[in-house]
Amino acid sequence: MSRATSDILAVCLLQKLGGAKKMMRVAPLFETREDLINAPKVVDAALGLPWYKNHVQGKQEVMLGYSDSVKDAGKFASTWELHRAMEQVLEVGRKHGVEITFFHGRGGSIGRGSGPPHLILLAQPAGSLTNGHLRLTIQGETIGRHFPSAEVAERTLEQYSTAVLEHTLAPPPLPKPEFRAAMQELADISAEHYQNTVFKSEKDIFVRFFHTFTPTSELGQMNIGSRPAKRRSWGGIDTLRAIPWIFAWTQTRLLLPVWLGNGLALQKYIDSGKLPLLQQMYKEWPFFRSMLDLIDVELGKASPQITEHYESKTLQEEDLKQLGAGLRQGLDQAIKNLLQVKGATELMAGEPNLKTALAMRRPFLDSAHAIQAEVLKRLRNAKEGEVPPELRDAMIISIQGIAAGMQNTG
């Protein structure tokens with residue numbers, strides 16, 4: 001949550017007050033959409049101070065937060081503001097003669113910035129992998145997939161090294177001005193719809209829906225993760241950490257954070273006769289193609305039918321039922337418009353192995369979802385202090401089963 005130049009300098013001051021014999025590097029982390037927009041100004045002001053510029057010795061590390069930017073504004077806006085922030089911070093570095101190394105704070109799921117290395121790295125702005133430098137987080141369950149053995153670890157390193165080398169030797173082309181203008185408008189439209197839905201709903205309808213429809217309360221009781229589910233013990237969705245936010249939507253197969261707002265933004269462009277422009281962007285701009293391909297993979301894991309089943313079990317109030325139906329319509333809209341832009345007939349067409357693996361696990365996943373939806377219903381109807389321990393155990397087991405079948409938590 002770096003929001004001002006003072007946040008960077010405060011870390012230097014703490015080291016000085018603590019008697020550090022050798023000052024360590026300071027890597028500001030910019031997370032929310034607003035913070036990413038302000039990042040170039042913050043870094044510029046810091047490097048404009050003679051003492052700090054001398055301290056960094058020509059090298060500055062800047063960390064980018066994928067998880068909280070998606071939670072804050074949705075996938076389109078997050079991906080675009082991260083891209084713009086990198087471009088502009090690189091300009092700031094060139095202005096001050098300082099080499100910028102980006103530290104990518106990617107989570108384990110696509111909803112938190114993860115994905116196949118070749119897709120996510122080749123879409124980075126030209127020059128962002130300066131001199132082959134790349135730093136990123138590989139955390140949680142992703143460690144188990146990327147480093148379970150020496151052979152797989154070597155393959156993981158090979159994938160990242162190849163993508164960095166290819167990006168350095170053959171940087172992606174700069175987007176046309178009309179591509180940039182269109183992406184900015186798509187990001188603004190999607191972010192407005194996302195934030196109005198999540199943070200500004202009347203009578204806290206969305207907050208009530210989220211806590212009733214998903215097992216978010218039960219996730220907070222599980223002994224997993226290195227940090228509590230919320231940054232503060234009080235407050236609404238804004239205080240919830242990104243991991244349980246993504247985890248909860250994955251459990252119910254709505255996967256809302258990765259598509260909410262995107263379908264509406266694409267629909268407005270298609271309705272205004274700009275489908276050919278979107279298709280040209282997908283064909284010619286690696287950034288746009290990578291973004292849509294990653295969203296495609298995540299939408300392939302969504303299931304409107306399972307989502308509707310959860311609604312029938314958990315939602316009793318009419319306003320919550322209407323919101324649930326509206327969100328399912330939004331999911332259908334996002335799928336339809338994404339396929340139209342890509343010129344595809346089905347999701348995951350470019351990931352046949354993943355699609356087959358998910359289909360093979362479907363009978364087990366469907367059973368786990370049926371159990372969890374029933375347990376959720378009973379938990380929501382139980383009186384406080386009268387919840388049988390068997391229900392708690394069944395919920396935890398169903399959560400673990402669905403996470404194993406989906407191959408990600410948050």
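The values are calculated or read from the model by the stated rules, or taken from the named source; none is laboratory data. Remember, it's a predicted structure, so these values are computed and weren't measured experimentally. We place every Cβ from the backbone using ideal geometry, glycine too, and count neighbours over all the protein chains shown.
Tabulated values for the structure
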{"item": "Breaking point among (1) more than 26 Å from L275 (Cβ to Cβ); (2) in contact with a Lys or Arg (Cβ under 9 Å, 6 or more places away or on another chain); (3) modelled with pLDDT of 95 or more; (4) not acidic (D, E), for L379", "result": "(3)"}
{"item": "Some residue of the range 202-214 being more than 30 Å from I397 (Cβ to Cβ), at pLDDT 85 or above, in contact with a Leu (Cβ under 7 Å, 6 or more places away or on another chain) and crowded, with 20+ Cβ neighbours inside 10 Å", "result": "no"}
{"item": "Lone unmet requirement of (1) in contact with a Gly (Cβ under 9 Å, 6 or more places away or on another chain); (2) among the polar types (S, T, N, Q); (3) over 23 Å from N262 (Cα atoms) for S190", "result": "(3)"}
{"item": "Some residue of the range 157-174 being closer than 29 Å to R84 by Cα, surrounded by 14 or more Cβ atoms within 10 Å (Cβ to Cβ) and among the charged types (D, E, K, R)", "result": "yes"}
{"item": "Which numbered condition E311 fails, given (1) within 27 Å of Q251 (Cα to Cα); (2) surrounded by fewer than 18 Cβ atoms within 10 Å (Cβ to Cβ)", "result": "(2)"}
{"item": "Residue within the range 303-317 that is assigned to a loop (DSSP other than H, G, I, E, B), among the aliphatic types (A, V, I, L, M) and on the phi < 0 side of the Ramachandran plot present", "result": "yes"}
{"item": "Subset tally (residues that are small (G, A, S) and either on the phi > 0 side of the Ramachandran plot or in a helix (DSSP H, G or I) (or both)) for the range 326-354", "result": "4"}
{"item": "Identity of the residue in the range 291-309, more than 14 Å from the chain's Cα centre (by Cα) and of a type outside the set (D, E, K, R), that ends up nearest to Q124 (Cα to Cα)", "result": "G300"}
{"item": "Complete set of residues in the range 301-357 that are among the hydroxyl-bearing types (S, T, Y) and under 23 Å from G405 (Cβ atoms)", "result": "S303, T307, Y310, S312, T314, T356"}
{"item": "Evaluation of L294 against (1) crowded, with 22+ Cβ neighbours inside 10 Å; (2) modelled with pLDDT of 95 or more; (3) part of a helix (DSSP H, G or I) (one fails), failing number", "result": "(2)"}
{"item": "Single residue of L327, L339, L323, L331 found to be under 30 Å from P125 (Cβ atoms), surrounded by 16 or more Cβ atoms within 10 Å (Cβ to Cβ) and at pLDDT 95 or above", "result": "L339"}
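Rundown of residues vs (1) over 21 Å from G97 (Cβ atoms); (2) outside any loop (DSSP other than H, G, I, E, B), yes/no style:
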{"site": "V26", "(1), (2)": "no, no"}
{"site": "E34", "(1), (2)": "yes, yes"}
{"site": "I37", "(1), (2)": "yes, yes"}
{"site": "D44", "(1), (2)": "no, yes"}
{"site": "W51", "(1), (2)": "no, yes"}
{"site": "H55", "(1), (2)": "no, yes"}
{"site": "L64", "(1), (2)": "yes, yes"}
